[in-house]
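Read through the structure below, which is laid out as structure tokens, and then see the notes.
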Amino acid sequence: MSLTDLTALLALGSIALFVIGLKRLSRVRTARSGNALMAAGMLLAVLITLLEIGLVDYRWIIGGLALGAVIGVAIVLRAQATQMPEIVARFNGFGGAASAFVALSLFWLEVVETSGAATAANVLGGTAGTTLVLSVLIGSTTLSGSILAELKLRGTLSGSPRVPARTAVMGLLLLGGLALGGVAVFATEQAPLAAALVLGLVAASLLAGVVLVLPIGGADMPVVISLLNSLSGLAAAAAGFALTNQLLIIAGTIVGAAGLILTQIMCVAMNRSLVNVIAGSFGEGGDVEHGEYGHVIATDPESAAMVLEAAASVVIVPGYGLAAARAQNAAHDLAKALIDRGTEVRFAIHPVAGRMPGHMNVVLAEAEVPYELLFEMSEINAEFSSTDVAIVVGANDVVNPAANTSPGSPIAGMPILEVEHARQVFVIKRSLSPGYAGIKNELFERDHTAMLYGDAKQVLTDLAGEVEAAG
Amino acid sequence: MMGPLLISLYVFVLAAFLGFELINKVPPTLHTPLMSGANAMSGITIIGALTLVTVASPSVGVVLGFLALVLATINVVGGFLVTDRMLATFGRRS
């Protein structure tokens with residue numbers, strides 16, 4: 001068997017690991033092993049490639065792998081559970097950038113730095129030339145889009161400014177970028193000119209990523225990141241075409257396709273259509289009425305604790321505010337204090353509470369809240385009518401009854417946690433400011449709702465203290 | 001006998017179908033970890049980068065390839081690690 005046959009066979013093993021791993025990753029019980037299998041597939045792919053390269057100068061390879069591994073590990077170790085979504089966005093940007101750099105490197109090595117008077121298409125072939133341009137285009141768009149998404153998730157960049165004539169601008173940037181790339185690859189034999197044109201392609205693609213993500217509201221970032229993830233897979237696939245590397249094409253395409261399906265699944269979970277998300281029509285003040293609050297009851301931790309002490313069953317509903325205030329430990333402390341008194345305590349998890357689907361699971365798990373206490377929306381909604389007290393911690397849109405009652409509302413039809421059926425509702429929130437949908441929440445005006453204004457961590461700590469003191 | 005381009009095209013289309021069929025119902029809990037894992041997998045471009053940095057002379061092309069290698073490695077190592085960290089915190093309920 002030749003070396004080529006051997007590596008091709010091993011590549012099949014790598015692909016199998018990817019496919020089985022991804023499949024297992026989409027089931028709760030097998031998820032962790034699925035991730036490990038995919039990592040093994042990646043390691044195998046790297047080993048195969050090193051085998052293919054044969055004996056070369058390893059300095060850059062070892063240096064690059066070592067530097068990347070150290071930085072990657074450092075980023076993960078430094079991250080807190082609440083930052084996970086941002087980290088995913090950042091890594092995604094790196095992946096897109098890597099594919100763009102692969103294509104750029106190929107272009108410089110084979111075209112710019114060789115002194116032959118020929119077009120890139122002549123040197124590389126038309127297909128490689130075309131896909132090289134696509135890899136740069138998609139990779140760069142993914143990079144700038146992901147950076148923007150991370151900033152929006154972090155709250156560094158708030159608001160979703162309108163870009164005038166966005167579709168036209170976007171089209172112009174993408175087509176313009178493609179045209180620059182096309183000329184660079186097919187029409188010029190002058191290396192410096194080709195290099196300049198390709199840099200123009202990079203600039204246009206980076207701008208396109210900004211124009212794509214800028215007008216989209218922070219609440220939709222999970223969907224955007226999933227879409228960008230799909231794109232970074234396609235960028236890798238394009239790089240695979242440019243290098244005629246089947247393994248790269250297969251793995252990249254699988255990510256591209258699976259990422260698109262996941263994006264669709266996430267849209268359905270949030271009751272949004274992908275077109276709506278991309279259009280960036282959600283969470284803008286414009287045509288949405290904010291509404292003034294009339295009758296709102298405010299209370300303090302001491303009075304609230306007395307109600308809690310008398311309760312037999314309590315449901316805690318965490319939202320982004322809990323993650324932002326890093327109040328997960330305080331929430332767990334309150335739960336423990338209540339459980340010690342014999343109160344039944346459950347956490348109700350809305351699928352899209354927080355900045356990402358599953359965000360609350362990650363945050364509460366970090367505070368070591370037992371998994372048995374976490375209930376998904378479908379399991380808990382019927383239970384609210386027999387619940388004494390529901391405590392909403394920093395959540396807003398996901399408990400807004402308007403989703404069920406007013407068909408004209410921007411969140412109409414979105415599945416919500418029906419906390420209003422509980423006998424008493426406490427809402428821990430810093431103010432009456434609207435959530436991402438930018439609308440008023442009638443729940444706050446109900447007679448059996450009382451607001452506990454303040455920092456979620458502080459209020460929860462106070463509540464836990466009062467409950468413990470009551471013994 | 002198919003040419004290499006046609007083979008690549010076959011591979012691309014079949015892989016796309018595979019990717020579409022691979023993921024169907026996913027519980028919301030796993031949306032973020034699945035996205036994170038798929039994202040780590042898109043770091044496969046690491047193998048492209050490896051083939052480009054095989055000479056010692058530091059030309060612009062090699063430096064670009066080196067940047068690609070570093071970024072792809074961050075994506076791969078960090079991506080799988082962060083996914084594992086998310087999944088490790090998920091308790092089990094039978």
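Derivation of every value follows stated rules applied to the coordinates shown; laboratory data play no part. In this text, all values refer to a predicted model and were calculated from it rather than measured experimentally. Here Cβ is always computed from backbone atoms with ideal geometry, including for glycine, and neighbour counts include all displayed protein chains.
So here's what we get for this one:
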quantity	calculated
Residue-averaged beta-carbon neighbours from other chains (10 angstrom radius) around A:67-79	6
3J(HN,Hα) from dihedral phi, the stretch B:23-29, Karplus parametrisation 6.51/-1.76/1.60, rounded to Hz, x for glycine, proline	9, 10, 5, 10, x, x, 3
Descending principal axes extents, the protein assembly as shown, alpha-carbon based, whole Å	84, 51, 40
Mean Kyte hydropathy of 0.0 or more with a Cα span along the axis of at least 27 Å, helices from DSSP in chain A	A:3-25, A:31-53, A:59-78, A:84-107, A:126-154, A:191-213, A:221-243, A:246-269
The stretch A:170-245: equivalent-ellipsoid semi-axes (sqrt of 5 x gyration tensor eigenvalues, Cα, Å)	28, 17, 8
Coarse-grained scattering of the stretch A:329-433 at q = 0.21, 0.22 Å⁻¹, given as base-10 log I(q)/I(0) from a Debye sum over alpha-carbon atoms	-1.29, -1.41
Calculated diffusion of chain B, Stokes-Einstein form, Kirkwood radius summed over Cα pairs, 4 °C and 1.567 mPa s, µm²/s	80 µm²/s
Stokes-Einstein D in µm²/s, Kirkwood radius over Cα pairs - the stretch A:1-57 at 25 °C with 0.890 mPa s viscosity	206 µm²/s
Amide H within-cut-off set for residue A:391, under 5 Å, with H built and near neighbours excluded	A:315, A:316, A:317, A:426
Gain on full stretching of the segment that runs from residue A:154 to residue A:312 - 0.36 nm per residue minus C-alpha separation	53.1 nm
Between the stretch A:61-111 and the stretch A:164-179, the alpha-carbon center distance in angstrom	27 Å
Fully extended contour minus Cα-Cα distance, from residue A:430 to residue A:468, at 0.36 nm per residue	11.3 nm
Test item: A:13-26 mean partner chain Cβ contacts at 10 Å	4
Cβ crowding within 10 Å averaged over residues, with A:305-316, A:70-81 ranked highest first	A:305-316, A:70-81
Rg and Dmax of the stretch A:41-189, Cα atoms only, in Å	19.0, 54
Added length on full extension, which subtracts the Cα-Cα distance from 0.36 nm per residue, residue A:167 to residue A:268	33.9 nm
Per-residue average of Cβ from other chains inside 10 Å of A:185-191	0
Pair residue A:341, residue A:448: separation of 7 Å Cα→Cβ label points (nm)	1.9 nm
Value of [θ]222 nm, deg cm²/dmol, for chain A, DSSP H segments ≥ 4, -39500 (n - 2.57) each, nearest 500	-19500 deg cm²/dmol
Ranked packing of A:117-130, A:86-99, A:31-44, most packed first, by mean Cβ within 10 Å	A:86-99, A:31-44, A:117-130
Simple label model, 7 Å out from Cα along Cβ direction - residue B:10 to residue A:293, nm	6.5 nm
Per-residue HN-Hα couplings for the stretch A:445-453 [Karplus 6.51, -1.76, 1.60; θ = phi - 60°; Hz; x = Gly/Pro]	9, 5, 5, 9, 10, 10, 8, 10, 6
